[in-house]
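Novice: I have a structure here, written as structure tokens, and I will follow up with some questions on it.
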Amino acid sequence: MFQTIVVAVDGSDHSYKAVDTAVDLAKHYGSSLVMTSVYRHHSMLESTHSLVRGREEIEPPDATLKRLAREFTDEAVKRAKDAGIDSVTSEVKRGHPARTIVEIAQQHKADAIVMGSRGLGDIGALLLGSVSHKVNSIAPCTCITVR
């Protein structure tokens, strides 16, 4: 039923609950997992990951966001591998979060997208609407939103 599952992670508790849910599905169905994190720098108010941590070093905002996104996917891959999932990869991309998550799912011919109901971008969600809601609206595959 689920051969390939894309899991969106942003470092939030909800996104790691989504990882755990996807791992359970992967064990049950023998699925491969694609852990993904999408970053996008707009401004100080709208940037998703830049509001969460201060910068330890001076680097451009996109570089900081990309590094954080890679940390989030690395943690998700580690959790999956520690749980016994061998078929797990990761992708980090810059772009509009909802559209990019759906594009990644389409590129991998994913049967499902699993993501948290709330992420770290609460200010962005207030301004733009929920990423999980948008993904559910535009994705051509099954979407599982984890609380």
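Novice: Using 0.36 nm times the number of residues separating Ser137 and Asp74, minus their current alpha carbon distance, what extension gain do you get?
Specialist: 19.9 nm
Novice: I would also like to ask the following. Tell me, rounded to the nearest percent, the portion of alpha carbon pairs in region 73-116 spaced more than 12 Å apart.
Specialist: 67 percent
Novice: In addition: Length gain on complete extension for the stretch Arg147 to Lys109, per 0.36 nm per residue less the alpha carbon to alpha carbon distance?
Specialist: Here the segment from Arg147 to Lys109 would lengthen by 11.2 nm.
Novice: Would you please give the residues with an amide H less than 5 Å from that of Ile144, counting only those at least 5 places away or on a separate chain, with H modeled from the backbone geometry?
Specialist: Ile113, Val114, Met115
Novice: If the chain between Arg67 and Lys81 were fully stretched, how many nm would it gain, using 0.36 nm times the residue separation less the Cα-Cα distance?
Specialist: Contour length minus Cα-Cα distance gives 2.9 nm.
Every number here is computed from the coordinates shown, using simple stated rules; none is lab data. If you're wondering where the values come from, they're calculated on a predicted model, not measured in any experiment.
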